[in-house]
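These notes are about the structure you will find just below.
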Amino acid sequence: MLGCGAIIAFCPLLVIVVQVAMINFEGSILDALWAVVQMGPVEWATRYAPRPTSMGFQIYGAWVAFQVLLYAFLPAPWSYGQRTPAGHLLGYRTNGLFAWFVSHAAYFAGSYYGWIDPAIIAKNWLPLIIAFNAYGYFLPLMAYVKAHWAPTHAEDRKFSGSIVYDYYWGVEFNPRIGEWFDFKLFHNGRPGIVAWTLIDLSFTAWQYQQNGFVTNSIIIVDILHAIYVVDFFVNEDWYLRTIDICHDHYGFYLAWGSMVWLPTMYTLQAQWLARFPNSLSPLAATIILSVGLMGYVIFRSVNHQKDLARRTRGDCTIWGRPAEVLTARYTTSDGKQHQTILLCSGWWGVVRHANYLGDLFFSWAACFAAGWTGGRWCVVPFTYGIFMTWLLVHRCVRDEIRCGEKYGSTWEEYCKRVRWRLVPGVF
Ligand code: NDP
């Protein structure tokens, strides 16, 4: 519980310290922290901390409302998640790709006709971060209250007995308003992720406005991030069967993460390059782009193999051979027995989380595109890679404890057949 409380209090400070370091201390987090010691937190905050503005709240409010409208009214295929612990099979409106295109078309049209400044996000960045945080704290509070007073599926709730823990990890599994407005899919998969590429573009426009040129490094970052984001929406149906949707309850961890952490920390490379423009040599640019694309190909093909094997219940071909699977049984909290498969061939026979490995190549490539500035390596653009490494290693461990409890001896057998989690011979 103490850990959860510390994260709730500490994470927004981390976001702010990174911004202050980038804007006021040439990217040195140590110098920014040393200044706190020297001048005291109050004077430090008075001098450097971001201030709210009504413009920041208006832009953000309009953005979230726009995304709600797109989610609600754009035509949407109907997709299904995985059975919840209480045995519900939920349907979802998966029109994210359409929403992404409409949002970007609106941004380009608005910039072209002069209705908006293409650098509007970059120029209102600090007040926007305040607005992200206000919503990022309010949302889990709303989810917590709703879980007690108007739960969507009461049997899928989880209470720990601690308010802090429940606020952090969440109580409800899939909170909804009405039949289909799903808090988790909407907030995890719309305002933050659609904004990701727009934030990159806005900082790219700002780099151009300040310098009269656009560096190849920021273009590489934009390309890599756009691939990741568009891939997410093309495969939105697949996302319904990942840990976020299938296993995590809805609290601060997911809500603040998608509303604040994602837009501020995942876009750091573009923010950095807008402030410290740095071009890469053709060789460095080619290597970085190739490693990023290789990471993406691994990431996508691993995820595809699992999805295919699960959809066909193992009756499919992986790497040109019939899939090898283990049949696993589990019981939901309503007492019913279910059966599924664990894939043991293809990528899933090499290591148990090759998709995370692909993601790491991809994440670190984007960091390297931005990390070399003024003849030295800087930490700030690498924050995303460091965070992703921590997140995915932690996920390996967390997920495997859950899978062990769910599948018992079948999971043990899988771990014997596929010995390593991420890197053969190392971890
Ligand atoms: P996975 O898609 O790997 O899902 C893990 C789940 O898959 C397990 O809980 C288990 O669930 C099932 N599973 C485990 N082993 C097998 C197997 N051998 N065969 C079939 N099913 C298996 O993980 P995530 O949901 O964490 O990640 C999905 C993708 O999203 C990854 O590529 C990851 O890199 C990326 N990601 C990106 C983040 C970001 O912020 N950019 C954050 C988190 C993830 P079950 O109960 O169904 O059996």
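The values are calculated or read from the model by the stated rules, or taken from the named source; none is laboratory data. These numbers were taken from a predicted model, which means no experiment stands behind them. Note: ideal-geometry Cβ built from the backbone for every residue, glycine included; neighbour counts use all protein chains shown. Just so you know, the surface numbers come from the protein's heavy atoms only, side chains and all, with ligands and any DNA or RNA stripped out. Shrake-Rupley method; radii C 1.70, N 1.55, O 1.52, S 1.80 Å.
List of remarks:
- Local net charge near residue 257, Cβ-Cβ under 12 Å (Lys/Arg +1, Asp/Glu -1): -1
- Principal axes of region 280-427: Cα extent on each, largest first, Å: 61, 33, 29
- Region 52-279 shape via C-alpha gyration tensor axes, a/c threshold 1.5: prolate
- As computed over region 84-174, the Cα convex hull volume per residue (Å³): 133 Å³
- Legend: calculated FRET efficiency, residue 42 to residue 401, from the Cβ-Cβ distance at R0 = 41 Å, rounded to 0.05, equals 0.45.
- A Förster radius of 30 Å combined with the Cβ-Cβ distance from residue 409 to residue 155 puts the calculated FRET efficiency at roughly 0.65.
- Taking 0.36 nm per residue of separation and subtracting the Cα-Cα distance, full extension of the segment from residue 148 to residue 123 would add 5.0 nm.
- Expressed in Å, the radius of gyration and Dmax of the Cα atoms of region 126-231 are 18.8, 58.
- Using the 1.4 Å probe convention, the accessible area of the chain works out to 44 Å² per residue with neighbouring protein chains retained.
- Region 1-49 shape via C-alpha gyration tensor axes, a/c threshold 1.5: prolate
- For region 200-303: rounded, prolate or oblate by the Cα gyration tensor [a/c cutoff 1.5]: oblate
- Percent carbon-and-sulfur accessible area, the chain, ignoring ligands, DNA and RNA, probe 1.4 Å: 67 percent
- Gain in span if fully extended, residue 317 to residue 331, counting 0.36 nm per residue against the direct Cα distance: 2.2 nm
- The residues neighbouring residue 92, those whose beta-carbon lies less than 9 Å from its own, together hold a net charge of -2 under the Lys/Arg +1, Asp/Glu -1 convention.
- Taking 0.36 nm per residue of separation and subtracting the current Cα-Cα distance, fully stretching the chain between residue 287 and residue 394 would add 35.7 nm.
- Exceeding the 23 Å Cα-Cα cut-off - candidates 146/184; 146/336; 306/406; 158/336: 146/336
- When the Cα positions of 169, 96, 304 are compared along the charge dipole of the chain, 304 comes out farthest toward the positive end, with charges on each C-beta of Lys, Arg, Asp and Glu.
- Scaling against 2.2 N^0.38 Å puts the C-alpha radius of gyration of the chain at 1.01.
- Summed side-chain charge close to residue 81 - residues other than residue 81 whose Cβ falls under 10 Å, Lys, Arg +1, Asp, Glu -1: +1
- Pairwise FRET efficiency - residue 387 versus residue 181, Cβ, R0 = 30 Å, nearest 0.05: 0.50
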